[in-house]
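One structure is given below, encoded as structure tokens.
Every number in this text was worked out from the coordinates using simple rules, so none of it is lab data. Quantities reported herein were computed from a predicted structural model and do not represent experimental measurements. For neighbour counting, all protein chains shown are included, and Cβ atoms are generated from backbone atoms with ideal geometry for every residue, glycine included.
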């Protein structure tokens, strides 16, 4: 079973056929929203709204453990995370679609493991490659088959939020090797690895990061709306194609 964790700008109603709600509870509480269960072709798919429905939960308050555990309890084995990002690297302007292959975690004070309540034995997961290689390749192949330009590879910097970064912070991320910046990739990716779920990300650039290009003086969250909305439509097509091929 495939799950899609939808972020900012992702319209789950545009994805599923015959969706129905499924309520899941976990030992860490309830997920951000009821799971939407439906189908894409012959594939059963679950969509989870990361920030809730309506969009209300800030990145640092998301119950990432409940979200991932609810998906596993529902029978999910693969997860595609849709995330909006600020573009740092050259060529990653508004509307660009990326399938990143690395993460740097700058978050703090988030519940980032299942192993701290005594229910699970302590495990040290290998996180050398934080995204599942096979699922990444399937996403890239789906995009290429559709004629959609999706960049393969790149480093996602996970920051605390909900505020955007300063220009100086973005310069630091550049020096560290980050290509894009978002607020939800961690601990989501690490928890998926702990839970034994194949996890990959489709990142969509909403705007240039602070101090770069169109955001040299100020980040305008409305300026790139058209390009971002068009890119999200491409993301929906990629996910649909992926699901139909599984």
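Here is how the numbers come out for the structure above:
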{"quantity": "Exposure proxy order (Cβ contacts within 10 Å, fewest to most) of 119, 215", "calculated": "119, 215"}
{"quantity": "Two-site FRET efficiency, residue 108 against residue 148, from Cβ-Cβ distance with R₀ of 51 Å, rounded to 0.05", "calculated": "0.90"}
{"quantity": "Efficiency of FRET from Cβ geometry, residue 221 and residue 30, R₀ 25 Å, rounded to 0.05", "calculated": "0.30"}
{"quantity": "Mean residue ellipticity (222 nm) of the chain, computed from DSSP H runs ≥ 4 via -39,500 (n - 2.57), nearest 500", "calculated": "-8000 deg cm²/dmol"}
{"quantity": "Of all DSSP beta bridges in segment 2-245, antiparallel share, percent nearest 5", "calculated": "35"}
{"quantity": "Normalised contact order of segment 2-245, rounded percent, pairs of Cα under 8 Å and 6 or more residues apart", "calculated": "26"}
{"quantity": "Three-way shape label, segment 140-246, alpha-carbon gyration tensor, a/c 1.5", "calculated": "oblate"}
{"quantity": "Ordering of 120-129, 194-203, 15-24 by burial proxy (mean other Cβ atoms within 10 Å per residue, highest first)", "calculated": "194-203, 15-24, 120-129"}
